[in-house]
1. With springs only between Cα atoms under 10 Å apart, run a GNM on the chain and tell me which of 16, 79, 32 wobbles the most.
2. Can you give the accessible area per residue of the range 4-201, in Å², using a 1.4 Å probe?
3. For the chain, modelled as a GNM with alpha-carbon contacts under 10 angstrom, which of 38, 12, 131 fluctuates the most?
4. Compare 72, 134, 20 in a GNM of the chain, Cα atoms joined below 10 Å, and give the one with the largest fluctuation.
5. Can you find, among 71, 200, 102, the residue farthest towards the positive end of the dipole of the range 4-201? Put +1 on the C-beta of Lys and Arg, -1 on that of Asp and Glu.
6. Whenever you get a sec, compute what percent of the accessible area on the chain sits on carbon and sulfur atoms (1.4 Å probe).
7. Among the DSSP beta bridges whose two residues both lie in the range 4-201, what percent are antiparallel, rounded to the nearest 5?
8. Stretched out fully, how many nm does the piece from residue 89 to residue 39 gain, at 0.36 nm a residue minus the Cα gap?
Amino acid sequence: MMQGLYVITDGSTGDVLLDKVEQALRGGAALVQYRDKSMDATRRGQEAAALRDLCHHYHALFIVNDDVVLAKTVQADGVHVGRDDSALRAARDYLGKSTLIGVSCYNRLALALDAAAQGADYIAFGSFFPSPTKPDAPRATLELLQQARQQLALPICAIGGITLDNAPSLLANGADMLAVITDVFNSSDIVQQATRYQALAHTVP
Ligand SMILES: Cc1ncc(COP(=O)(O)OP(=O)(O)O)c(N)n1
Ligand SMILES: Cc1ncsc1CCOP(=O)(O)O
Ligand SMILES: [Mg+2]
């Protein structure tokens, strides 16, 4: 379901990666994105297949970042693409209609309207706050989120420097999903941190 906590892997590998993700899933993460920028295709393939199985055990959606070939190979539930990745139309042609495609739209509503018209399944905006992972990301505003909510029928994902303190402002302004790396995976208790995010996401009126 495209609602609630959407964790994105933090570059951890092997058993550490799987253990961290399982903790987030035990805490109720609704979506997991495998985001690994290395060139190690063998390891990435093994990890993606293992994460897919783990997500499905916890009834969560498994999304692959950037790589449409890997997404198709491991039969991921979806792929997430940005401006440096496969274009939405090419990804749809390659993956078909049954695979979810999320599109980064940064701080640009026009990009989102175009992606929606081209058949995206969800839209992501951000960074909303300074991101430890991507400090140079363009900055999106809550006003943009409000406008997007009014003009888009698709699920909207917020990303960038999200914490438990600022997450309510995103939910109150229309975010359906909260995409988080650092504030979940750097936590000393990932299960508890994920649980807190899920509780937040299910309390906003
Ligand atoms: C849910 C979500 N939103 C945005 C991004 C960023 O995608 P992109 O701009 O392609 O940058 P990279 O993450 O690929 O470095 C994302 N991955 N997930
Ligand atoms: C991939 C990406 N795109 C915009 S911000 C971001 C990273 C989000 O990570 P964090 O939750 O650590 O700020
Ligand atoms: Mg990308």
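The values are calculated or read from the model by the stated rules, or taken from the named source; none is laboratory data. These numbers come from a predicted model, not from an experiment. For neighbour counting, all protein chains shown are included, and Cβ atoms are generated from backbone atoms with ideal geometry for every residue, glycine included. Note: accessible area is taken over every heavy atom of the protein model, side chains too, but ligands, DNA and RNA are not part of it. Shrake-Rupley method; radii C 1.70, N 1.55, O 1.52, S 1.80 Å.
1. The residue with the greatest mean-square fluctuation here is 16.
2. Dividing the accessible area of the range 4-201 by its residue count gives 44 Å².
3. 38
4. 134
5. The Cα lying farthest towards the positive end belongs to 102.
6. 51
7. Approximately 0 percent, going by the DSSP bridge assignments.
8. 15.5 nm
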